[in-house]
Amino acid sequence: MNPLLREIRHNPVLWLLAFVPVVLAAEQLRPEAHTLLFVLSVLAIVPLAALLSHATESVAAKTGDAVGGLLNATLGNLTELVIALTALRAGQYTLVKASIGGAIVTNTLFLLGAAFLLGGLKHHVQEFNRVNARVQAGLLFLATLALMIPSAVSQADFAAAEFTQTLSLVLAVLLIVAYGLSMVFSLKTHREMFASAGSGEAGETPWPLGLALATLAGATVLVALVSEVFVESVQQAAVAFGMTPAFVGFIVVALVGGAAEMASVFSAARKNHLDLSVGIALGSASQIALFVAPLLVLVSYVLGPSPMSLQFWPGAVVMILVATITASMVTNGGRSTWFVGVLALMVYLTFAVTLYLLPPRIP
Amino acid sequence: MNPLLREIRHNPVLWLLAFVPVVLAAEQLRPEAHTLLFVLSVLAIVPLAALLSHATESVAAKTGDAVGGLLNATLGNLTELVIALTALRAGQYTLVKASIGGAIVTNTLFLLGAAFLLGGLKHHVQEFNRVNARVQAGLLFLATLALMIPSAVSQADFAAAEFTQTLSLVLAVLLIVAYGLSMVFSLKTHREMFASAGSGEAGETPWPLGLALATLAGATVLVALVSEVFVESVQQAAVAFGMTPAFVGFIVVALVGGAAEMASVFSAARKNHLDLSVGIALGSASQIALFVAPLLVLVSYVLGPSPMSLQFWPGAVVMILVATITASMVTNGGRSTWFVGVLALMVYLTFAVTLYLLPPRIP
Amino acid sequence: MNPLLREIRHNPVLWLLAFVPVVLAAEQLRPEAHTLLFVLSVLAIVPLAALLSHATESVAAKTGDAVGGLLNATLGNLTELVIALTALRAGQYTLVKASIGGAIVTNTLFLLGAAFLLGGLKHHVQEFNRVNARVQAGLLFLATLALMIPSAVSQADFAAAEFTQTLSLVLAVLLIVAYGLSMVFSLKTHREMFASAGSGEAGETPWPLGLALATLAGATVLVALVSEVFVESVQQAAVAFGMTPAFVGFIVVALVGGAAEMASVFSAARKNHLDLSVGIALGSASQIALFVAPLLVLVSYVLGPSPMSLQFWPGAVVMILVATITASMVTNGGRSTWFVGVLALMVYLTFAVTLYLLPPRIP
């Protein structure tokens, strides 16, 4: 039997794939039903993200360690990237920036917090390799700091937009260079430090290469199509649900985009493989800061209606900094309990509440 | 002989109890002598705080570990709570907020710093259980971050007062839920982590239950009465002494309210029981952030002239953050020397000087 | 043969001493050729800084441990101090403050980052004594916090200049007291903690005391003379090179002033003596914060046209805080790899780019 069909049969999440044709049809038939289209597109993106994730791992498993690691690292946030690119093309820069910040916050606070909580409810104290975790948390922290610098400096000085834009461009190039070097570091010179996090994503059998590549291509196209519906409908749907644009970008988009990682992170935590959970959560957040965010800035010069800067609204800067400091803090000791998870989730919940209550003019 | 009287005879601090009737009488006779009333009320609160602390421990010792721990954790900052409630009822929200921030800053910088200094002058290097200290410093840090969020976001966006108020209310509920969960964590599921900090507050013999309960009730009533004099007189006395309201709230009220803890923390440090010192100082600060502060917000809806928010003035936010970062930093390594204490005290002194010099309009 | 001449023959950096007479002559002959004078003065300061450094160590080696350590600690940043004093006398307070901030940032990000990178390219993982590193990073962090407080509080409250000035003066005194206590700590009560960092600066033979003292005096006078040319020409040269004043102060002055330390730090890192590298870099940064900065404030009352405050522009505050947090972070684990160096250098590069692109009005 086709491994793809077998996978679909065994994995209830993939049954949601049925919503992919539904949402595309609905968009043709009822283009004004924004709330419906929003819900349908969320339901369609979740299984596509899971497919993308599995296909990437299968290709990675077949192509050997170095290329595979590269693929995993580059395509790990493909769903987030495609959604952000769609929003970028539509000129919705506020949504793009919110989704960047939201992905960092969600990965560090929600993914990590929920992993610690779920793991901690089953295991009294969980230990994980704190040297690895510290390397990754350090990488994330410094990456995030670099990402935040234009916002901090620009705000502090009420500088001209032109200055911020030039700075963002130069910084995007620097961040991508740092990302390239981080690949050399984690895949080549010091791969042993990242060993446990990169290896064996929980015993799924990889697909044949042809099928994996075809799935990768097909799912990417479908995510792109569905993202278009999602991005178009999300603002009006937000209004209908009484949500602020900031809440949608930071919380809803980030949770939808990160659906695929959640499954892996949580199941690893329950199995007491916290190294893997911490590795995926922090690695994914680093990738957003070092690769996805600067790539979007560069791409905005080609695809967007105007260049996009790296200047975030002040509240987002505070949240991103708090999230990465929290991530450093909770992974620093190499031990976790359920209450550490509760605290991280509390901070996340506070952010969510704040964004939900925010007056609609902001940001 | 009555254990209370024996205690009073042996403990010179309790001789200050003589000032309790004096201040209450003075308030009737010379209600306009603010400076005198201020000094007398400070002298009266200090022994009452010591009594409250001893009575709480005695009740806790009698009622067994779980209930006792709960009592200790809830009533540990009873003096601070009663003073703040009195200020709240008088509508002095600036004083209430300053006393919350000041209690966190005083516990982390002054109590911890002086403990390290006093202990370090006697012992070359002092070691303490750094796993426990890290759990507590982490708890404090995340609690403080959550407490600071409305200030950070509100300032960043110059948002409407209504938004800040709603956010403060929701946040107060979240913090109290987190406080409840922290009790489950520290008293039930992971009590072994907090073992050394909770146990045996330096070998005092507990009082009989009846006496302890009566003392607890009586001292609370007296603290409430004296607090009223203190809160009424503190502003005018501050003017007379050339102190700013911010200095009074942050430094004077916090030192008066924390007098009882000081004795335990310092004597434990001299005896090289730094685990106990660190536990009391950080635990007390966490309790202010997770329990006292949100409780005051909730109570302000009932007792206060208008609802109180969790928005602090920017300088207080900076000080609280610096204090908790410093606490994380100095307890991170699990070792301490006298100079670490000096540095923490230096930061505290800097804050005190800043607040003292502040132009009187601020905050 | 005279040890000074032998040293000059063997150390190509000292050949640049030929530029000392050249720059002094050029200043007489072509006082309006600012760009030329700037380049010549940079070329002349570098070998003088190296001479000063060697002479200080020689005196320290001869005078025994306690006095020697004191000398090393006080004169370690003599070049920076002389340059800053010259700028202070000329009333260029923006340059003075930028050079203070720049020295902290350069020592923590550039020196440390380049040491980790250069060491890491030769050694797979470098370990260093993390207890020492933590003590020093903690000292630096708290010192920097204290230094930043007037800026943070003043900005937050848009307070009067008079308040900031008084606060700066009091704080300068407090910082110098803390510096004195840090000497007692590191040279007397806990010298064993700093042992590896203070001892044997890489096997150079010390000069005879007379020669060392004469060199110390002579080089200081020459640095003072050349600094005058440097400070006078730097602003116009900056304009000619298209550099902002902020970039010149933060980056150029700091790199020129720190030239002497670089050689020691980098060569120790290559030889896998990271303890020494970390010790010099963090120690030098602490000294700027605890001693040079407050000394300049005090001296400004005597030498400057008006008192100088400790209020930095907001962007500088952000950079200094980020730099010291990064220093804590990268030295926390006691291990380093080349990529950690890359990250610290990246943050430094980001700051440099930001300052270079800053609109010229700022700060």
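Details
- Count of residues meeting criterion [open to solvent by 20 Å² or more (accessible area, probe 1.4 Å), at pLDDT below 90 and either part of a helix (DSSP H, G or I) or more than 26 Å from A:Met329 (Cα to Cα) (or both)] in the range B:329-345: 3
- Check on B:Ser41, at pLDDT 80 or above, under 15 Å from B:Glu261 (Cα atoms), of a type in the set (S, T, N, Q) and part of a helix (DSSP H, G or I): no
- Condition check for B:Leu112: under 21 Å from the mean Cα position of the chain (by Cα) and modelled with pLDDT of 90 or more: yes
- Selection status of A:Tyr356, within 14 Å of chain B (Cβ to nearest Cβ), farther than 15 Å from A:Ile104 by Cα, among the aromatic types (Phe, Trp, Tyr) and not in a loop (DSSP other than H, G, I, E, B): yes
- Residue in the range A:128-140 that is within 18 Å of the chain's Cα centre (by Cα), modelled with pLDDT under 90, open to solvent by 10 Å² or more (accessible area, probe 1.4 Å) and closer than 24 Å to A:Tyr179 by Cα present: yes
- Condition check for A:Phe312: within 9 Å of chain B (Cβ to nearest Cβ), touching a residue at least 60 places away in the same chain (Cβ under 8 Å), out of contact with any strand residue (DSSP E or B) (no Cβ under 8 Å at 6 or more places or on another chain) and aromatic (Phe, Trp, Tyr): no
- Screening C:Gly91 against (1) within 19 Å of C:Thr220 (Cβ to Cβ); (2) at pLDDT below 90 leaves a single unmet condition, (1).
Here is a yes/no grid of residues against (1) surrounded by fewer than 19 Cβ atoms within 10 Å (Cβ to Cβ); (2) modelled with pLDDT under 85:
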site	(1), (2)
C:Pro3	yes, yes
C:Pro12	yes, yes
C:Gln28	yes, no
C:Ser53	no, yes
C:Thr63	yes, yes
C:Thr74	yes, yes
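- For the range A:312-328, a residue qualifies if it is part of a loop (DSSP other than H, G, I, E, B) and either at pLDDT 85 or above or crowded, with 23+ Cβ neighbours inside 10 Å (or both), and exactly one does: A:Phe312.
- Any hit, the range C:110-123, residues being surrounded by fewer than 24 Cβ atoms within 10 Å (Cβ to Cβ) and facing chain B (nearest Cβ under 10 Å): no
- A:Asn129 vs. criteria more than 11 Å from every other protein chain (Cβ to nearest Cβ) and farther than 28 Å from A:Val248 by Cα: yes
- Subset of the range A:152-181 [among the hydroxyl-bearing types (Ser, Thr, Tyr) and either open to solvent by 10 Å² or more (accessible area, probe 1.4 Å) or at pLDDT below 80 (or both)]: A:Ser154, A:Thr166, A:Tyr179
- Screening the range C:318-331 for residues that are in contact with a Gly (Cβ under 8 Å, 6 or more places away or on another chain) and touching a residue at least 40 places away in the same chain (Cβ under 8 Å) and picking the one that is nearest to A:Leu187 (Cα to Cα) gives C:Val330.
- Here C:Val226, C:Val221 are screened, and the one residue that is at pLDDT 85 or above, over 22 Å from C:Ala263 (Cβ atoms) and under 19 Å from the mean Cα position of the chain (by Cα) is C:Val221.
- Top-ranked residue of the range C:288-309 - restricted to ones that are among the β-branched types (Val, Ile, Thr), more than 14 Å from the chain's Cα centre (by Cα) and assigned to a helix (DSSP H, G or I), ranked as farthest from the other protein chains (Cβ to nearest Cβ): C:Val299
- Among the conditions (1) more than 24 Å from C:Leu117 (Cβ to Cβ); (2) in a helix (DSSP H, G or I); (3) modelled with pLDDT of 85 or more; (4) not aromatic (Phe, Trp, Tyr), the only one that C:Leu349 does not satisfy is (1).
The values are calculated or read from the model by the stated rules, or taken from the named source; none is laboratory data. These numbers were taken from a predicted model, which means no experiment stands behind them. Positions of Cβ are generated from backbone atoms using ideal geometry, with glycine treated the same way; all protein chains shown enter the neighbour counts. Heavy atoms of the whole protein, side chains included, go into the accessibility calculation; ligands, DNA and RNA do not. Shrake-Rupley method; radii C 1.70, N 1.55, O 1.52, S 1.80 Å.
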